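Q: Once you've had a glance at the structure underneath, I'll fire off some questions.
The values are calculated or read from the model by the stated rules, or taken from the named source; none is laboratory data. What you see is a predicted model, and the numbers here were worked out from it, not measured in a lab. As a convention, Cβ positions derive from the backbone with ideal geometry for all residues, glycine included, and neighbour counts pool all protein chains shown. The accessibility values were calculated without ligands, DNA or RNA, using every heavy atom of the protein model including side chains. Shrake-Rupley method; radii C 1.70, N 1.55, O 1.52, S 1.80 Å.
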Amino acid sequence: MSRPPLEVADIVRAAGDDFIERNRKWIRWRHVKVLLAIRRCRTAALGGHLDECTRCGYRAPVSYNSCRDRHCPKCQTAARERWIAARRRELLPTPYAHIVFTLPRHLAPLVLQNKKVLYDLLFRTSAETLREVARNPKHLGAEIGFFSVLHTWSQQLRIHPHVHCVVPAGGLSLD
């Protein structure tokens with residue numbers, strides 16, 4: 001498997017310290033801890049080991065140890081792939097819609113101070129909105145199920161709370 005030309009760890013090593021310094025007013029130790037883990041993942045800083053084939057004796061070059069942080073993209077790739085495969089097995093044989101509910105930009109500072117309350121509200125209100133629209137006979141007139149995932153940051157790493165919902169194109173009704 002070849003290494004991609006640029007990894008998240010490369011970005012963290014190049015700009016992580018500046019990012020932390022610019023965002024001191026909101027960044028917490030747990031955020032810094034994740035960035036440090038990603039920076040050190042699979043480098044000499046975490047040590048390494050030699051892999052050797054038990055049949056032919058071939059020795060691969062040093063394999064550096066991983067950080068095993070749940071936020072690390074290198075460490076979580078296999079877990080993510082297993083999770084996606086399991087979710088695919090749960091899908092119904094129907095088309096799906098992707099619906100996103102986003103909090104207004106001006107609420108972002110409030111979210112950072114009240115994450116549990118506001119993320120819970122975002123999940124509950126998006127779920128109830130989907131159910132209410134689906135129950136309406138003008139739309140679907142049925143009960144629906146769906147899958148929701150919270151995203152808290154934009155691709156530019158700015159606070160951007162939003163929920164992605166995957167909704168099947170159908171539901172259960174009495175008729």
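Q: Rounded to a whole number, what % of the accessible area of the range 36-75 do carbon and sulfur atoms account for, probe 1.4 Å?
A: Details: 1470 of 2940 Å².
Heavy-atom surface of the range 36-75 belonging to carbon and sulfur, 1.4 Å probe: 50 percent.
Q: If the label point is 7 Å along Cα→Cβ of SER63, which residues in the range 40-55 have backbone nitrogen under 12 Å from it?
A: Residues 48-54 fall inside that zone.
Q: Continuing with the same structure: Please identify which residues in the range 57-98 have an amide N closer than 19 Å to a label point set 7 Å out from the Cα of ALA15, following the Cα→Cβ vector.
A: 72-74
Q: Oh, and also: Heavy atoms only, probe 1.4 Å: what % of the accessible area of the range 91-168 goes to carbon and sulfur, would you let me know? Working shown, then result.
A: Details: 3260 of 5360 Å².
Its accessible area is 61 percent carbon and sulfur atoms.
Q: Can you compute the modelled spin-label distance between LEU6 and HIS31, with each label point 7 Å from Cα toward Cβ, in nm?
A: That separation, rounded to one decimal, is 2.2 nm.
Q: So, R0 is 35 Å and r is the distance between the beta-carbons of THR54 and HIS164; what FRET efficiency does that work out to, to 0.05? Mind showing how you got there, number by number?
A: Details: r = 44 Å, r/R0 = 1.27.
That gives a FRET efficiency of 0.20.
Q: Just how many pairs of Lys in the chain have C-alpha atoms closer than 30 Å, counting pairs that are eight or more places apart or on different chains?
A: Lysine pairs meeting the criterion: 9.
Q: What range in the chain is the longest one free of chymotrypsin sites (Phe, Trp or Tyr not before Pro) that are in a loop by DSSP and have at most 16 other Cβ atoms within 10 angstrom? Don't jump to the answer; show the numbers that get you there.
A: Working: sites that count: TRP26, TYR58.
Maximal segment without exposed cleavage sites: 59-175.
Q: Also, I was wondering about something else. Tell me, what is the percent relative contact order of the chain, built from C-alpha pairs under 8 Å that lie six or more residues apart?
A: Values: 194 pairs, mean separation 29.1, N = 175.
Worked out over the chain, it gives 17 percent.
Q: Consider just the alpha-carbon atoms of the range 8-85 and return their Rg together with their Dmax, both in angstrom.
A: 16.0, 56
Q: Which angle between 0 and 90 degrees, to the nearest 10, do you get for helix 77-90 versus the longest principal axis of the chain when only C-alpha atoms count?
A: Approximately 30 degrees, to the nearest 10.
Q: Pulled fully out, how much extra length does the chain show between ARG70 and ARG87, if you take 0.36 nm times their separation in residues and subtract their Cα-Cα distance?
A: Details: separation 17, 0.36 × 17 = 6.12 nm, distance 1.90 nm.
Fully extending the segment from ARG70 to ARG87 adds 4.2 nm.
Q: OK, next. Can you run phi through the Karplus equation (6.51, -1.76, 1.60; θ = phi - 60°) for the range 163-175 and list ³J(HN,Hα) in whole Hz, with x for Gly and Pro?
A: In residue order, the calculated couplings are 10, 8, 10, 9, 10, x, 7, x, x, 9, 10, 5, 8 Hz.
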